[in-house]
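Some notes on the structure that comes next.
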Amino acid sequence: MPMPVRLTEVPSSFDPFSPRRVGALLLLIVSAVAAFFAGAGSAGARELRPVPFPAFVTPGEMRAGSLLLKSTEDGRFVEAPRLGTDIDLAVSGPTARARVTQIFHNPTDGWVEAVYVYPLPEGGAVDTLKMVIGDRIVVGEIKERQQARVIYEQAKAAGQKATLLEQERANIFTNSVANIGPGETVLVQIEYQEPVRQSGDVFSLRVPLVVAPRYNPKPAVETVDFRENGRGNTSDPVPDRDRITPPVLDPRVHAPVNPVSISIRLQAGFPLGEVKSHHHAVKVEDVGKDARVIKLAERLVPADRDFELTWRPAAVTAPSVGLFRERVGNADYLLAFVTPPPLKQAEDRRPREIIFVIDNSGSMGGTSIVQAKASLTYALGRLTPSDRFNVIRFDHSMDVLFTDTVAANADNVAKAKGFVAALQAEGGTEMVPPMKAALTDRREGDSIYLRQVVFLTDGAIGNEQQLLDTIGAMRGRSRLFMVGIGAAPNSFLMTRAAEIGRGTFTHIGSVEQVEDRMRALFEKLESPVVTNLTATFSDAQADVTPALLPDLYRGEPVVLAAKVESLSGTIEIKGRIGDRPWVVALPVANAAEGKGLSKLWARRKIDDAELARTLRRLKPEEADFVILALALDHHLVSRLTSLVAVDKTPSRPDGARLARAELPLNLPAGWDFDKVFGERGLPGSAPADMRRADAARTKLATQAYAAVAQSALPRTAVTPHGGVPLPKTATDAELRMLLGLLLLAGSLVLAIVGRRRGRVVAASASSSSLPW
């Protein structure tokens, strides 16, 4: 797998007037001119070709700072492609439509295949892929995953430009772009639909921007058959470990890469109050009582932490009921959300048995462990003397504070707080053993105590399915509440684990959020749960998802999607709040117009099949059949389907080599590089699982990168007709100006060489080196 390598310094003795040195001076002038035009990006330059370097090089051949990645040839390297991303979202009531434009730029004079691993929301329905080359637009097609890969590889071998979008996890995707020509820029656009999240009167949207490094446990030997030469059968908990482990840069050495632009048009559907970005500075423009436009205060930010936006209604309470419809083809789709009324905590105050689990592995180093310890300390302070509790901490090992749960008296709580305060972040992330320990119920059948597990982690593991299988098999009467910590938590794992564990997922992205988010979580833990939920349609047959409506906690709405035969009659939702019955009826005819509901329905049905597979309610082959049919019918990327786009016109000449480069990622903000990528790696993890960028020997040309990133990022917008906004390249005036300046500079250099050679050579005899 590619990783950054060293950059050799310029030798101290040289002939400054050799053809090689004159060429280097010309390259320096070109770089300066390119940087000038990049700095004047507002003047209209949308695409610049930086100084071309050889497609395959040795570190000694480089004459400027560069990030080098291993090529397929031993001892030779390729300069990393540059990437910029523009994210444009349109929020309409309960749904959001996103357009993600990835700008791949090849800075070399060779042909490159760029491979980029990046996140998308775990609940997003990815349905569109477009590749833009100059003024040509190639629209992607949905295919079975293996078939899409074959199409892509054939196009790559034929020299055709192609892009392939594959799902590695519900929130991790890989985009491969083949045959990017020398100095060329290729745009890839991805679109997805997702639901807006609601909790009480707070609505939220989170845009993941970086895939955090994952801890991947080693394959385990399950059995040994001595009849077969003593060889054991191994089971790999992360069979795709190479596909979810891109190279990661050390932020102490490298300036951030992969700049991102974000713009959101918020149409809430109700008068808006506070609109807040929690981790990025933004500009909020008021364009109506229920509409805002939100943009980053700085046009570009590094892709090193998730973007989170929340908004509240101007009124005291949020709308408690919403019903939307959409007709696609011959089918009608509905999306309904209803928030049950909250009851006072005192109406059902059974004692609780709470198991707290805290992750203190290396990935939790930096600010994450501070957030996790503060969160757990706050939680311990919310316990009452009638509660029982225990604390488990884990990295690649595990400690349980008490031999069994104990009464939450002052002495035990103080001991627990001291235990938490002493924790340090280090080591690997073996999450399955502490989950098993937390779910082991010594009082099974005891109805006196409500059994709850609060699990604090960033979820940075690759063996998600192994953990989910464990929860499904051992959950019993326990309810699992996942608390995601840090700048880029594994939200897919958190959400799915909480769903299987019949709990909730809470994200804490900064120390400032600890008290508010933990208070909200404990209000859920201490309040009556809405149980036994059902949804029935009076006049029509309906295919409803989720198949089994989950229990609800304080402030959470019932959210269901349905494919119906007709828009008539009512939807009746029933349940129990504590010991009281609750029912609400919604006339279907009153549903408002919505967008993208069919995609959300299909995406949720796919999730239902995956969940049924994990809980063993469906056989793997049965679940795969359902998933494949839904994904193909609704043009969605899934575990079994991919989007592929191929430009039929060959572009790479016969015989020209193609270098493959995995684009490096930033370390998530607040992470400690050495805690994750120590000299000896993580305990229990193979060296290839966590890649280390050598801090002493690598360098990133930040100025050259900024020039390309600024010039390559287009100002995109989601157009009403769904067209692809293209870079503004009406003329090649800047290119001609650049060429003219280059020729003038060359003439000047030659004149200096001819007239002052002797004098400068004499002067250079006393100088050991030049700064370039």
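Coordinate-derived values only; no laboratory data. Keep in mind the model is a prediction, meaning the values are calculated, not measured. Ideal geometry is used to build each Cβ from the backbone, glycine not excepted, and the neighbour counts take in all protein chains shown.
Things to note:
- Among the listed pairs Lys524/Lys619; Lys130/Lys595; Lys130/Lys563; Lys218/Lys524; Lys276/Lys574; Lys283/Lys675, those with a Cα-Cα distance over 30 Å are Lys524/Lys619; Lys218/Lys524; Lys276/Lys574; Lys283/Lys675.
- Net dipole in debye of the stretch 258-299 [+1 Lys, Arg Cβ; -1 Asp, Glu Cβ; about Cα centre; nearest 20]: 100
- A simple spin-label model places the labels of Val328 and Arg136 3.0 nm from each other, with each point 7 Å out along Cα-to-Cβ.
- Amide N of the stretch 514-538 lying under 16 Å from the label point, which is placed 7 angstrom from the Cα of Ser204 along Cα→Cβ: 514-525
- Zone residues, the stretch 423-448, relative to Thr403, backbone N less than 18 Å from point 7 Å out along Cα-to-Cβ: 441-443
- Summary of the geometry: the stretch 463-537 and the stretch 98-113, compared by the centres of their Cα atoms, lie 38 Å apart.
- Cβ-derived FRET efficiency at R0 51 Å, Asp109 paired with Asp579, nearest 0.05: 0.10
- Stretching the chain fully between Asp441 and Met474 yields a gain of 11.0 nm (0.36 nm per residue, less the alpha carbon separation).
- Ordering of 476-487, 502-513, 404-415 by packing [mean C-beta count within 10 Å, highest first]: 476-487, 502-513, 404-415
- Extension gain from Leu548 to Arg243, taking 0.36 nm per residue of separation minus the Cα-Cα distance: 106.5 nm
- Restricting the GluC sites (Glu not before Pro) of the stretch 292-392 to loop positions (DSSP other than H, G, I, E, B) with no more than 14 neighbouring Cβ atoms within 10 Å leaves Glu298.
- Stretching the chain fully between Val511 and Arg382 yields a gain of 44.6 nm (0.36 nm per residue, less the alpha carbon separation).
- Along the axis of the charge dipole computed for the stretch 369-490 (Cβ charges of +1 for Lys and Arg, -1 for Asp and Glu, origin at the Cα centre), the listed residues Gly418, Val432, Ala407 are led at the positive end by Ala407.
- FRET efficiency for the pair Ala421 and Thr310, taken as 1/(1 + (r/R0)^6) with r the Cβ-Cβ distance and R0 = 22 Å, rounds to 0.10.
- Cα-centred dipole magnitude for the stretch 510-602, charges only on beta-carbon of K, R (+1) and D, E (-1), debye, nearest 20: 80
- What the Cα convex hull of the stretch 274-412 gives, in volume per residue, is 264 Å³.
- Label positions at Val287 and Gln147, each projected 7 Å from the Cα along the C-beta direction, are separated by 4.0 nm.
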